[in-house]
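Written out below as structure tokens is the structure these notes cover.
Since every read-out is calculated from the coordinates, none of them should be taken as a lab result. If you're wondering where the values come from, they're calculated on a predicted model, not measured in any experiment. Every residue, glycine among them, receives a Cβ derived from its backbone with ideal geometry; neighbour counts consider all protein chains shown.
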């Protein structure tokens, strides 16, 4: 870790709280550890859904990362960050017509098709625009990703086309006009910490590619094997064994590449690259005892970091947290750390042990680089989104300003009900 507590404190005091701080050196280290564990011909696509801040995307782009986007805004961020259309793929089960048109105008590497209806829609748009659409067919495989707490394939979901149906009908897809099918896409699950699970999942996808290729006698130019590599958040979890990952994945990809040397192999990653490089800093506003529990009230909670608050989880567990204002030899006590919301679920730490906490102390939630602001209800109670700061090459950069009341109010439209308006005919 290149960011020490002194730097975290300085950033929090300078830019206020709540705020996110990102360690640029750690981001690059994480990216390189993944890239080096794969053959050189495998392209890593950074998933913007994890954290779409343009400066973070740009930092990764300078190191060679490609981009996977899920909306028009993410696509425009990728372009602003330096990505080229050839290194962009566009996923998502609900792409609007204006998003599809923009992707076709740019001629991105692949629109990932999630249904036969979408394939027909893209074909018609491409015809209207006088272009050929480069696409990949997303499959929902019969195989389920072991080791993933959030399975996105191998069961009924809104993602992709059933494997059996797609394999049987791929010949029809190949005949759709104004469409160039580059290959297939499968994303089976996320937050996987077991290298063997990633290997088994990837091998299944590559075999599926081989089956379709041989069945229809067609040469494709891409296969996207997803990824889903995670990071440990909780005490009983261990990091992905990157050496075992390398030992398993390199021979697998090299064997595939020897058979299909012209096929671009894509592996997606977001959480693994950004997760351990981010921190949420919050300030203690109040401390009180309620029903024999000591509550620490802070200025950032679910509205800033819904994942750390356990939103969507039945069993809520604590992210790693530290009181960076405390003395080294301070005693530990058990606390309930809450955010500022009028909700009983707005708890960042449950029965968590921290060095003695005082009002105005700064607490940091670690492993917060992924799915922080981008997946949190920042407008709840109209607190707005927190500031974001990047530390890189010993310099501190404000990469997102904290929302102010004026910013949020300006986006709203006031209807003046004091002005008499015509009554519509009934």
Order the peptides 158-167, 408-417 from the highest to the lowest mean number of other Cβ atoms within 10 Å of their residues. 158-167, 408-417
Label point distance in nm, residue 351-residue 311, each placed 7 Å from Cα along Cα→Cβ: 2.5 nm
Mind checking the full-extension length gain between residue 175 and residue 291? Use 0.36 nm per residue of separation minus the Cα-Cα distance, one decimal, nm. 34.9 nm
Would you please classify the overall shape of the stretch 4-86 from the alpha carbon gyration tensor, given that a ≥ b ≥ c denote the square roots of the eigenvalues, rounded means a/c under 1.5, and beyond that prolate means a/b larger than b/c while oblate covers the rest? oblate
Using only DSSP helix segments of four residues or longer, with each worth -39500 (n - 2.57), what per-residue ellipticity at 222 nm results for the chain after dividing by its residue count and rounding to 500? -9000 deg cm²/dmol
Where the centre of each part is set by its Cα atoms, how far does the stretch 353-426 sit from the stretch 1-36, in angstrom? 20 Å
Nearest 10 degrees, 0 to 90: what angle lies between the long axis of helix 5-15 and the longest principal axis of the chain (Cα atoms)? 90 degrees
With the alpha-carbon atoms as the only input, what is the per residue convex hull volume for the stretch 276-410 in Å³? 126 Å³
Full-stretch length increase - residue 396, residue 32 - with 0.36 nm per residue and alpha-carbon distance subtracted: 128.8 nm
Run the numbers on the stretch 322-424 and let me know its relative contact order in percent, using alpha-carbon pairs under 8 Å that are six or more apart. 20 percent
What's the Kirkwood radius of the chain in Å, using all Cα pairs? 23.3 Å
Percent of Cα pairs exceeding the 15 Å cut-off, where the set is the stretch 221-288: 69 percent
Label-to-label distance, nm, for residues given as residue 101 and residue 237 (7 Å Cα→Cβ offset): 4.2 nm
I need two numbers for the stretch 84-269: Rg to one decimal and Dmax as a whole number, Cα atoms only, in Å. 16.8, 55
Quickly work out the residue 196-to-residue 63 label distance, labels modelled 7 Å from Cα along the C-beta direction, and quote it in nm with one decimal. 3.0 nm
Using per-residue counts of other Cβ atoms within 10 Å, averaged over each peptide, order 129-135, 44-50 from highest down. 44-50, 129-135
How much length, in nm to one decimal, is gained on full extension between residue 343 and residue 73, taken as 0.36 nm per residue of separation minus their Cα-Cα distance? 94.1 nm
Once you keep just the Cα pairs under 8 angstrom separated by 6 or more residues, what percentage relative contact order results for the stretch 84-269? 18 percent
What do you get for the angle between helix 116-129 and the principal long axis of the chain? Use alpha-carbon atoms, 0 to 90 degrees, nearest ten. 80 degrees
